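The values are calculated or read from the model by the stated rules, or taken from the named source; none is laboratory data. Just so you know, these numbers come straight off a predicted model, no measurement behind them. Every residue, glycine as well, gets a Cβ built from its backbone with ideal geometry; the counts of neighbours run over all protein chains shown. SASA here: full protein model, heavy atoms, side chains in, ligands and nucleic acids out. Shrake-Rupley method; radii C 1.70, N 1.55, O 1.52, S 1.80 Å.
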There are 2 protein chains.
Amino acid sequence: MTSSTPVAPTRPALRKGEQTRVAILDAALELASRDGLEGLTIGLIADRMQMSKSGVFAHFGSREDLQIAVVQEYHRRFEQEVFFPSLQEPRGLPRLNAMFARWVTRHTQEIASGCMYISGAVEYDDRPGPIRDELLSMVLAWRRALLHAARQAIKEGHLRDDSDAEQLVFEMRAMVLALHHDARFIGDTDAVEHIERGYARLIDSHRAPASSRARRETQTAR
Amino acid sequence: MTSSTPVAPTRPALRKGEQTRVAILDAALELASRDGLEGLTIGLIADRMQMSKSGVFAHFGSREDLQIAVVQEYHRRFEQEVFFPSLQEPRGLPRLNAMFARWVTRHTQEIASGCMYISGAVEYDDRPGPIRDELLSMVLAWRRALLHAARQAIKEGHLRDDSDAEQLVFEMRAMVLALHHDARFIGDTDAVEHIERGYARLIDSHRAPASSRARRETQTAR
């Protein structure tokens, strides 16, 4: 993500101070992607922005405030790119598929910078505090959204009645972790093909037989 | 892993210098598990060992040498715990199952300290150099061992002829990444159950039909 990422269009009438805040966040997101959230310092941001440290402090009261704002901004962009557009798909399997496909696409675009949720999990897994709490709540929010979509797919009769949504979402998330690991650490470009085939097989193993789907539709039509 | 981990039995006649080297490695492994490989410094080790820095340097010429030795020692223990005992199982699916089961067990025991391969991948994914190279070669060695075992399981007729060993191993590794993530970052103890059910389903989807297995055994018996 560079400072050319379009943020302005969704916030058309930013005042000067807000523009600076957004620009600081952009720079901080980029630095955190490169060096981790713990690598983020007010000094580095000030250098990058050609501002004084006190200028940065005027927008973010402390280093921790800035780190938390970076996590929240990352999450906002994730939702805008992955979650909200998927809601336009019909509820059930089409929406779950869209969420997964957009998530994978975002990962393949993020290979150079890495995913803050994944790198953050390792950075903060044994470092309690507000930043870990913030990261965790974002990761859990996304897991809940996936679970909700999977349960809707069961309810709609797209997936089997006895499908275990938690198990399905565990395996979806597992493959995304492997995609990130293989593409970014091993440099293995086959990972994208593997995740597509793995997801297809996973969904097939949970898919409702055509007969039960039709029965459900008949019931709904009554 | 504490300094009480039995290393001595496999090296019965250690000279004093070697004993010290092993003790330094023990302490370094513990520190690297807590703070990451990049958190490892000669100064910290010297403190922990109540030695002088030059005493540590006498055994490891540089911080980087020590970091690489830690990666190699971690790998040696991983092989001793996970890989070598699995080789006692019959070749094919029993051996692949044993490798996976021991790997999962090691992870559940490692929740407090974390897995160096996984945390190292995030720590070094954008940090080229000899430590990344060492970590990568260890991760690739384990992936090759899994692939080899999966291909043997196909050859032995335990898994289907048209099974894709690379795809199978990708999904195995994915679930281990998720186990580590969920148990360590989210603190979700259901992950162990999820990985067991996920692996059972994965293997079932690759399992050769009983008839082809029997045919293979007949051919072998001829």
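Of the residues A:VAL82, A:VAL70, the single one that is open to solvent by less than 30 Å² (accessible area, probe 1.4 Å), modelled with pLDDT of 95 or more, β-branched (Val, Ile, Thr) and closer than 19 Å to A:ARG144 by Cα is A:VAL82. Of A:ALA178, A:ALA153, all but one fail to be away from chain B (no Cβ under 13 Å) and either at pLDDT below 95 or open to solvent by less than 20 Å² (accessible area, probe 1.4 Å) (or both); the exception is A:ALA153. Every condition in (1) more than 10 Å from chain B (Cβ to nearest Cβ); (2) modelled with pLDDT under 95; (3) closer than 30 Å to B:ASP126 by Cα holds for A:LEU146 except the one numbered (2). Residues that are under 12 Å from the mean Cα position of the chain (by Cα), surrounded by 15 or more Cβ atoms within 10 Å (Cβ to Cβ) and either outside any helix (DSSP H, G or I) or in contact (Cβ under 8 Å) with a residue 40 or more places away in the chain (or both) within region B:135-150 comprise B:LEU135, B:MET138, B:TRP142, B:ALA145, B:LEU146, listed in sequence order.
Only residues that are over 23 Å from B:SER62 (Cβ atoms) and either more than 12 Å from chain A (Cβ to nearest Cβ) or under 11 Å from the mean Cα position of the chain (by Cα) (or both) were counted in region B:118-134, giving 1.
Any residue at all in region B:183-196 that is assigned to a loop (DSSP other than H, G, I, E, B), hydroxyl-bearing (Ser, Thr, Tyr) and farther than 18 Å from A:MET172 by Cα? Checking region B:183-196: not a single residue is assigned to a loop (DSSP other than H, G, I, E, B), hydroxyl-bearing (Ser, Thr, Tyr) and farther than 18 Å from A:MET172 by Cα.
State all residues of region B:156-175 that are open to solvent by 20 Å² or more (accessible area, probe 1.4 Å) and touching a residue at least 40 places away in the same chain (Cβ under 8 Å); if no residue qualifies, say none. Matches in region B:156-175: B:GLU156, B:HIS158, B:ARG160, B:ASP161. The number of residues in region A:156-170 being out of contact with any Asp or Glu (no Cβ under 8 Å at 6 or more places or on another chain) and facing chain B (nearest Cβ under 7 Å) comes to 1. Taking the criterion of being farther than 12 Å from B:ARG173 by Cβ and either of a type in the set (D, E, K, R) or away from chain A (no Cβ under 14 Å) (or both), the residues of region B:95-117 that qualify are B:ARG95, B:LEU96, B:ASN97, B:ALA98, B:ALA101, B:ARG102, B:THR105, B:ARG106, B:THR108, B:GLN109, B:GLU110. Checking A:ARG76 against (1) crowded, with 18+ Cβ neighbours inside 10 Å; (2) at pLDDT 90 or above; (3) under 30 Å from A:LEU147 (Cβ atoms), which test does it fail? Among (1) crowded, with 18+ Cβ neighbours inside 10 Å; (2) at pLDDT 90 or above; (3) under 30 Å from A:LEU147 (Cβ atoms), A:ARG76 violates only (1).
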